[in-house]
Amino acid sequence: MPREDIEFSADNVTLRGWFYPAEGADSKGPLVVMVHGLSAVKEMYLDDYAELFSRAGLNVLVYDHRNFGASDGVPRQHIDSITQARDLRHAITYATGREDVDPGRVGIWGSSHGGGLVLSVAAVDRRVRAVVAQVPFISGSGQMTRLVRPDFLPTVRAQLDGERRNLYHGGEPTLMPAVDADPLAPALMSSTESWEFFTKTAQDRAPSWRNEVTLGSLERIVEFEPGDGIHRISPTPLLMIVADQDISAYAELAFEAYERALQPKQLVVLPCGHFDVYTGAAFEASSKTACEHFLRVLA
């Protein structure tokens, strides 16, 4: 069955995406809600995962975060991690109200920063019966200390304080690149692999992606600590998929968080980098493992 263009309200902001009906279902079926990472839009390979899950008999909801892609919201290109987590809960509410969805069989899947979002939501929302966190964002402070040299931190903090003053006095949000070809240039994601993934994927399949985010996004991300509550996800079954060469969401942070998670839990380690999970062999392994997890728990 073809996917359906959908929209729903999240605190009076309209979010838009796609609904993939479960193939072969003749009654209410299980649901997986999917969310992407920093600055990404749904066309950046989430459709590939959704199609696979749908063929396996799962309903799937994919959408753009507020302020990005097809969704409404201002300021544009602004990331607020806590608000995005709340929007994910609105997405669950919308989807479980559909006639083709069983509200008692809900799973959530998130990749990168989206992996952090599903960890934070699964810790507090008991409608969630299964969670998959792929190459997950674990700690804003942990990311900051690994990405920014200690002698540069005061400058970064001063820039964030200055942006707060700018916004307080009615100024327009300052924009910064999401990625940059120069790994030493100021950007939200400064690695070469980030530049290559986002620019190539935008050119090939995601023309709505924009290479900019608000400076204030950085402060919101640094404040986000989804790993702190990972022990509260139990008894919801958790699958964490980690790339052992991940230098964007840092595999070591994910491994540390997994140790703090309670049972039932499963860890899958893939021999690849952060962005490899969206294509090729790593995609095949990650998507298959996630699909099996959802089918096992939500069947």
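The values are calculated or read from the model by the stated rules, or taken from the named source; none is laboratory data. Keep in mind that what you see is a predicted model, and the values were worked out from it rather than measured. Cβ: placed from backbone, ideal geometry, glycine included. Neighbour counts: every protein chain shown. These accessible areas exclude ligands, DNA and RNA; they are computed on the full protein's heavy atoms, side chains included. Shrake-Rupley method; radii C 1.70, N 1.55, O 1.52, S 1.80 Å.
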Could you check, for the stretch 195-212, whether at least one of its residues is more than 21 Å from the chain's Cα centre (by Cα) and within 19 Å of I79 (Cα to Cα)? no
Practice prompt. Would you mind stating whether V128 is touching a Gly at 6+ places or on another chain (Cβ under 8 Å), surrounded by fewer than 24 Cβ atoms within 10 Å (Cβ to Cβ), within 21 Å of S9 (Cα to Cα) and of a type in the set (V, I, T)?
Written response: yes
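What number of residues within the stretch 122-172 satisfy the criterion of being β-branched (V, I, T), at pLDDT below 95 and either in contact with a His (Cβ under 7 Å, 6 or more places away or on another chain) or over 17 Å from A249 (Cβ atoms) (or both)?
Total satisfying the criteria: 2.
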Residue pairs qualifying under the 8 Å Cβ cut-off, at least six apart or on distinct chains, with the first in the stretch 121-144 being more than 19 Å from V242 (Cα to Cα) and in contact (Cβ under 8 Å) with a residue 24 or more places away in the chain and the second being in a loop (DSSP other than H, G, I, E, B) and not aromatic (F, W, Y), are A123/I233; R126/T236; V128/T236; R129/T236; R129/P237; S141/E225
Among (1) within 16 Å of the chain's Cα centre (by Cα); (2) farther than 14 Å from Q77 by Cβ, A178 falls short only on (2)
Selection over the stretch 222-250 where residues are open to solvent by less than 10 Å² (accessible area, probe 1.4 Å) and outside any loop (DSSP other than H, G, I, E, B) yields a count of 9
Next on the checklist: For the stretch 175-198, check the following and say yes or no: at least one residue is in contact with a Gly (Cβ under 6 Å, 6 or more places away or on another chain), surrounded by 12 or more Cβ atoms within 10 Å (Cβ to Cβ) and more than 23 Å from D47 (Cβ to Cβ).
Outcome noted: no
| said: Given the criteria within 24 Å of Q159 (Cβ to Cβ), of a type in the set (D, E) and out of contact with any helix residue (DSSP H, G or I) (no Cβ under 7 Å at 6 or more places or on another chain), does E219 qualify? | reply: no
Going through (1) surrounded by fewer than 24 Cβ atoms within 10 Å (Cβ to Cβ); (2) of a type outside the set (S, T, N, Q); (3) within 19 Å of the chain's Cα centre (by Cα) one by one, R3 fails only at (3)
Pairs returned, first residue in the stretch 274-299 that is within 25 Å of S190 (Cβ to Cβ), second residue that is part of a loop (DSSP other than H, G, I, E, B), beta-carbon separation under 6 angstrom, 6 or more apart or interchain, are H274/V135; H274/D246; H274/S248; H274/A249; V277/V135; Y278/Y45; A282/C272
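If only one of Y94, Y49, Y45, Y63 is open to solvent by 10 Å² or more (accessible area, probe 1.4 Å) and at negative phi, which one is it?
On inspection, the qualifying residue turns out to be Y94.
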